[in-house]
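Please treat every number below as a calculation from the coordinates, not as lab data. Quick caveat, the model's predicted, so the values are computed rather than measured. Every residue, glycine among them, receives a Cβ derived from its backbone with ideal geometry; neighbour counts consider all protein chains shown.
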Amino acid sequence: MLNIDYIAHHNGLQKVAAGQKLLLSIGALLIVTVSRNNSVALWTLLVMSSVIVFYAKIPLKAYVTLMLAPLGFSLAGIVTIVVSISFTNEVNTDMLWHLFTPFATLYILPSDVDRAINIFLVAFSASSCLYLLILTTPIYEISPILLKCKVPTIVIELIELIYRFIFIFLQASMQLYTAQQARLGYKSYKMSFQSLVLLISVLFRSIFFHYEKMTLAMKSRNIEHFIIPDVYLLKKKWQRLPLILFIVYVFVAIGLIFV
Amino acid sequence: MTASYFSFEHVSFLYSDGTQAINDISLTIPVGNKIAILGENGSGKSTLFKLLMGLERPTKGTILFKGKPLKYNKSGLQQLRQQVGLVFQEADHQLFASTVKQDILYGPLNLDWSIEKITSQVDKAIALTELEELENRPIHFLSGGQKKRVAIAGVYAMEPKVLILDEPTSSLDYYFSTQLTDYLKKLDTDDRTFLYSTHQINLVYEWADYYIVLHKGKVIYVGERDALFTNDALLQQAHIEKPWIVSVTQMLQNSDPQWGNIAMPHSKEALVAQIVALQKKEDLISI
């Protein structure tokens, strides 16, 4: 998690305007989810992955590891779509696979397999679109754009605060974990569970404590609102290469839909 | 009447769990002084600062700011906090922005200044605390000492009249600890008051010209340094280390009659100058 933020600050697309990255990733996301077309999904996955790895220069290993998470989720999800269950003994003729048990029959239909493959591809390539945004754009660059899109300030401020608190949470849990490990808190199975329970309860307490202190600090600095107007952010121009990439991508995608 | 920023009139503060953090304090915080707040752990220093910032209300007594009682409504507190800045002991509690520069920006942004003034103040604060190279670094990739410097820069950028530092050197290395008093010297103007709480006496002895000692929620000393640091009983009571300059001078005074009337110096240089002067006089006599 800490790594993702580090990558977002240090990558090949750092100098590209946030709006442009947002267009590329959200645009592709929309095309994939609306078209629900297998070849479009594969094409998107290809484009996004190559942009992430070759253009943004994010280490392939990091990207593959990150992609394992949505892979696991979508695979787990499609199992329930693929496998059907029947409590009667009616046998469908075009089953690909079946398993009789005394109580019910498990079976797989070809149409379900097609549907599952489609859902899997769409979900998987949609997550690659989001990764493109997450891995190349720090959160505070997105806030001014959200503000321009008339998202209420309170929502944006909440997003920023939640973002900050994720790191506080992670840092606190890592510190507590090391402190416990240093005193052999995870020596045995039983101990591990006890330590984990303690860790979680202390974590919540420390987060509330932290929150209180932070409120005091914000009060004492007179901070009322904290979205930084983009005058103070580094000006980033729209660049030609990502734009051309996007146009090419859209044309190929439209072509694929109608083929 | 000497000008003062704050005056406390019989102020007491009780935490909701019944801890008496401040017990019937009356004192004034003068204008333009460099004040060191000393006292053992749990003597009430941090609570005193919270009272000064209007973060807590005294349970008894009144606090005056520039001669008027503090108003605890929104605009009153806002006005107070524009003029009084606090650097928290834990930098992590104070920083919440994504990057260094943004965190420093937040304070000034809320002050209705012009864009030019804000940018120049922020740049000044960054230059002062030597953070140029870290400007666009996310906060959670900084070390403890770097975070502390960001916290100081963030408060400094708001140009407070009263600058409060709660144990600022607790996570700074030697270089930045000594550097801090240099920063403060640069910020020193006739009408700016500093409040600096610390356990590292030697760092502030040369710099601070006014001392407030707290002990169990009470003020047990207010005033100049000489009377404080020669009062051994008081130092022991409040767990205060004697500055080495004072110790060495006292040892000299007691070692030989010729050193007997050395005046208490306020800096290394003054001590050495006195010794050199005495030595020269002696050389003249022996000739």
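Data table
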item: Residue among B:257, B:58, B:30 with the largest mean-square fluctuation in a Gaussian network model of chain B, springs linking Cα atoms under 10 Å; result: B:257
item: Top positive-direction residue, dipole computed over the stretch B:1-146 with Cβ charges, set B:19, B:142, B:100; result: B:19
item: Dipole magnitude (debye, nearest 20) for the stretch A:143-228, charges at Cβ of Lys, Arg, Asp, Glu; result: 240 debye
item: Fraction of antiparallel bridges per DSSP, the protein assembly as shown only, in percent to nearest 5; result: 60 percent
item: Geometric extent, Cα atoms of the stretch A:143-228 - Rg, Dmax (angstrom); result: 17.7, 54
item: Two-site label geometry, residue B:143 and residue A:151: point separation in nm, points 7 Å out along Cα→Cβ; result: 3.6 nm
item: Within the stretch A:145-240, trypsin sites (Lys or Arg not before Pro) in DSSP loop having at most 16 other beta-carbon neighbours inside 10 Å; result: A:150, A:183, A:187, A:235, A:236, A:237
item: For the stretch B:233-264 versus the stretch A:1-77, the gap between their alpha-carbon centres in whole angstrom; result: 68 Å
item: Gain upon complete extension [residue A:97, residue A:235; 0.36 nm per residue less C-alpha separation]; result: 43.8 nm
item: Cross-link pairs B:74/B:186; A:148/A:236; B:101/B:161; B:50/B:185; A:148/B:117; B:124/B:148 - those with Cα-Cα distance over 27 Å; result: B:74/B:186
item: Globularity ratio of the protein assembly as shown, using Cα Rg and 2.2 N^0.38 Å; result: 1.33
item: Rough spin-label spacing in nm, given labels placed 7 Å along Cα→Cβ, for residue A:192 and residue B:282; result: 7.2 nm
item: Filtered trypsin sites (Lys or Arg not before Pro), the stretch B:1-108: DSSP coil and at most 16 other beta carbons within 10 Å; result: B:66, B:71
item: Mean separation of Cα contacts under 8 Å, 6 or more apart, over the residue count of the stretch A:143-228: relative contact order %; result: 39 percent
item: Most mobile listed residue (A:31, A:117, A:85) in chain A, GNM with C-alpha springs under 10 Å; result: A:85
item: Fully extended contour minus Cα-Cα distance, from residue B:253 to residue B:115, at 0.36 nm per residue; result: 43.9 nm
item: Label-point gap, in nm, between residue A:208 and residue B:40 - each point 7 angstrom along Cα→Cβ; result: 3.1 nm
item: Mean shadow area of chain B, taken as a quarter of the surface of its Cα convex hull (nm²); result: 18.5 nm²
item: Calculated FRET value between residue A:247 and residue A:83, using beta carbons and R₀ = 45 Å, to 0.05; result: 0.60
item: Chain B: calculated mean residue ellipticity at 222 nm from DSSP helix runs of at least 4, using -39500 (n - 2.57); result: -12000 deg cm²/dmol
